[in-house]
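Working notes for the structure below.
The values are calculated or read from the model by the stated rules, or taken from the named source; none is laboratory data. On a predicted model such as this, the values are computed, not experimentally measured, just so you know. Counting neighbours? That spans all protein chains shown, and the Cβs are built from the backbone with ideal geometry, glycine included. SASA here: full protein model, heavy atoms, side chains in, ligands and nucleic acids out. Shrake-Rupley method; radii C 1.70, N 1.55, O 1.52, S 1.80 Å.
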Amino acid sequence: METFSPRLISKKLISTCVYIGLAFFFFACADSSKPPEKDVVGKPEQLAERTRENLKKLLIFTSTNNRKMNDSVALHSFVLVNTVYQNNNYQTIWSQNITWNPIADSLYHVVQHAMEYGLFPADYNSRPLKAIWTKFQSDPVSRMDAALLARADVLFTEAYFTIARHLKMGRLQPDSLTFRRDSVYDDNYFLQYFNKAVSRNGIVQSFRDLEPRYTDYLKIRYGIKSFLDSARFVNYTYIQYPYKDSVIYIKTLLKRLTEENHIPKETQPGDSVVLAEGIKNYQLSRGLKPTGKLTESLVRRLNLTDWEKFKTIAVTLDRYKLLPDTLPETYALVNLPSYTLYVYDYDTLALRSKVIVGSPKTQTPVLNSKISNFITYPQWTVPYSIIFKEMLPKIQKNVDFLRRQNLMVVDGDDNVIDPETIDWSELDKNNFPYLIRQKEGDDNSLGVIKFNFPNKYSVYLHDTNARSFFRRSSRALSHGCVRVQEWEKLSHFLIRGDTIQYPPDTLKAWISRQEKHTITGFPKLPLFIRYFTVEGKNGKLTFYEDIYGDDRLLKEKYFSGKSIS
């Protein structure tokens with residue numbers, strides 16, 4: 001067969017609407033009957049032309065069949081696939097002279113090992129490709145089957161483009177924080193990558209170039225193989241929690257426990273004794289204290305199977321693909337599930353700090369911003385949400401609550417009001433003409449320093465007067481702001497380049513004297529607050545609790561129907 005030779009593709013492809021219109025006209029006039037399943041030629045010299053004919057028939061049929069080659073295979077990248085073959089006069093790309101080209105070997109390996117990329121092999125037709133590949137290797141007659149070769153060629157091309165899109169853009173829909181836009185990575189962008197990969201025999205390198213190059217992303221990627229080597233992928237029953245129907249919930253739980261032989265299969269839903277024993281057996285198998293009690297954390301553990309962990313990896317890698325192609329040279333990143341702040345300076349980890357983040361009821365938002373200034377000995381103006389939900393009932397019960405919490409009441413003109421002169425029983429969220437502030441000092445909820453960055457949520461980074469909370473492993477405890485344990489190191493990092501205005505020990509002196517200062521003039525530090533439930537380190541993966549349930553929702557939306565093979 002002739003070898004593939006990429007033709008020069010125009011810088012701008014025909015618009016989708018024009019393409020569809022021309023395609024419809026062309027295909028309406030052409031033979032759109034179903035192509036043959038088998039077309040064995042008698043002579044090798046006939047193979048190239050017959051395969052070309054089969055390719056053309058197959059693509060015409062697919063265009064009129066809702067982009068499906070058959071009942072089980074759809075071409076999600078049909079426009080790109082069809083463009084490639086039209087530009088190449090329907091020559092085969094992946095095979096020549098009844099043998100696979102080296103690029104086919106490379107792509108086949110990627111498809112069958114797609115999980116190492118955080119991808120699902122079935123999305124790239126791994127089964128039909130494997131069936132064709134195996135048949136081609138074992139059955140000499142199949143090598144002369146022009147219909148089989150045409151199907152294989154289209155499947156390989158489809159696999160390349162779909163993998164390329166998933167590696168570059170992920171599968172999650174863009175949101176308000178997404179830096180990537182579909183218009184930036186159009187069909188022409190991926191066609192250029194395809195042509196380069198095919199002409200240079202660089203399939204794997206092409207995929208590597210499409211992936212993000214962030215250090216933290218690559219650490220996860222490098223840790224996937226180790227995870228896969230020890231993973232046991234079993235289709236265990238997923239337990240929905242929180243639940244609406246307690247009967248269905250218990251039946252699902254019983255089924256899940258029987259799948260690992262922790263209780264007999266004939267156990268009835270009302271048998272609480274056997275259920276408790278099954279829970280104990282599960283706890284013992286995981287090295288947990290055998291309480292026999294059903295808790296939310298136990299349900300989370302039951303659901304955190306290796307298959308669910310892999311879907312967590314897929315979600316996390318796709319979250320990284322929503323970041324810009326290139327991150328700033330210096331930036332801060334708060335990872336909410338790991339309760340950690342990272343500051344990177346020219347690819348070097350300059351600072352790591354434990355943080356306390358919002359509770360599930362008062363979640364810290366994911367956002368993009370820049371730290372613009374910070375304040376020593378700040379005052380805390382209590383958000384109205386906290387006033388009405390938490391403080392007002394306590395004040396109405398005993399006004400001395402304000403004094404005990406070092407709180408003061410001010411009016412609209414910033415005048416301090418004696419709380420004893422206010423009829424608190426008359427106040428509610430519809431009638432509250434005051435602000436409540438907490439005075440500066442070590443008892444202030446913001447601690448001794450506050451880092452400001454523009455955002456619509458009125459959250460910030462700050463110290464805390466409850467520093468013992470940093471010793472806890474689960475630190476989703478705040479009202480939404482991020483409390484930083486290493487606030488002193490962060491403040492020094494921000495002004496590290498200005499020793500004239502801020503000589504050494506300046507901040508320490510201000511804080512020791514309990515002085516309020518607003519520090520500005522330093523380069524604004526880009527800040528990303530993100531939600532990554534997987535991190536990589538030393539070739540291994542660490543999984544964190546899905547504290548807000550965000551991963552669960554994304555997995556249900558995008559990956560619930562995925563199969564293990």
>> When a/c reaches 1.5 or more, the comparison of a/b and b/c decides; with that in mind, is the chain rounded, prolate or oblate per its Cα gyration tensor?
In response: prolate
> If you stretched the chain out fully between R286 and A131, how much longer would it get, using 0.36 nm times the residue separation minus the C-alpha to C-alpha distance?
Replying inline: 51.9 nm
> For the chain, what is the relative contact order in percent, using Cα pairs closer than 8 Å and at least 6 residues apart in sequence?
Replying inline: 16 percent
> Angle between the Cα long axis of helix 272-285 and the longest principal axis of the chain, 0 to 90 degrees, nearest 10?
Replying inline: 80 degrees
> So, by mean Cβ neighbours within 10 angstrom, what's the order for 340-350, 227-237 with the highest one leading?
Replying inline: 340-350, 227-237
> Roughly speaking, to the nearest percent, how much of the range 439-565's 1.4 Å accessible area is carbon and sulfur?
Replying inline: 48 percent
> With every protein chain present, what is the per residue accessible area of the range 95-248 (1.4 Å probe, Å²)?
Replying inline: 45 Å²
> Want the number for S563 to K293: 0.36 nm per residue separation, take away the alpha-carbon distance, what's left?
Replying inline: 94.0 nm
>> What is the angle, in °, between the Cα long axis of helix 146-169 and the longest principal axis of the Cα atoms in the chain? Nearest 10 is fine, range 0 to 90.
In response: 20 degrees
> Cα to Cα, under 16 Å, and not fewer than 8 places away if on the same chain: which aspartates and glutamates meet these conditions relative to K280?
Replying inline: E259, E260, D271, E296
>> Nearest 10 degrees is fine. How inclined is helix 102-112 to the longest principal axis of the chain, computing both from alpha carbons?
In response: 50 degrees
>> So if I take the centroid of the Cα atoms in the range 188-210 and the same for the range 349-427, what is the distance between those two points in Å?
In response: 54 Å
> For the chain, what does -39500 (n - 2.57) per DSSP helix run (n ≥ 4), summed and divided by total residues, give at 222 nm, in deg cm²/dmol to the nearest 500?
Replying inline: -12000 deg cm²/dmol
> From the cross-link list K361/K537; K34/K56; K361/K389; K57/K196, which pairs have alpha carbons spaced over 19 Å apart?
Replying inline: K361/K537; K57/K196
> Can you list the residues, at least 5 places off or on another chain, whose amide H is less than 5 Å from the amide H of L525, using H built in the peptide plane?
Replying inline: I371
>> Within the range 188-249, what whole-number % of the accessible surface is contributed by carbon and sulfur, with the 1.4 Å probe and all protein chains included in the calculation?
In response: 48 percent
> Residues with amide H under 5 Å of T330's amide H, sequence separation 5 or more or different chain, H placed in the peptide plane at 1.01 Å from N; which?
Replying inline: Y346
> Of the listed peptides 458-464, 503-509, what is their order by residue-averaged count of other C-beta atoms within 10 Å, with the highest listed first?
Replying inline: 458-464, 503-509
> If you find the alpha carbon centre of the range 124-177 and of the range 495-526, how far apart are they in angstrom?
Replying inline: 58 Å
> With each pseudo-label sitting 7 Å past Cα toward Cβ, what's the Y434-E420 distance in nm, one decimal?
Replying inline: 1.4 nm
> Which of K439/K516; K450/K524; K68/K311; K225/K309 have a Cα-Cα distance over 21 Å?
Replying inline: K68/K311
> What percentage of the solvent-accessible surface of the range 252-292, computed with a 1.4 Å probe over protein heavy atoms, is contributed by carbon and sulfur atoms?
Replying inline: 52 percent
> How high is the relative contact order of the range 335-430, in percent, with contacts defined as C-alpha pairs under 8 Å that are six or more residues apart?
Replying inline: 14 percent
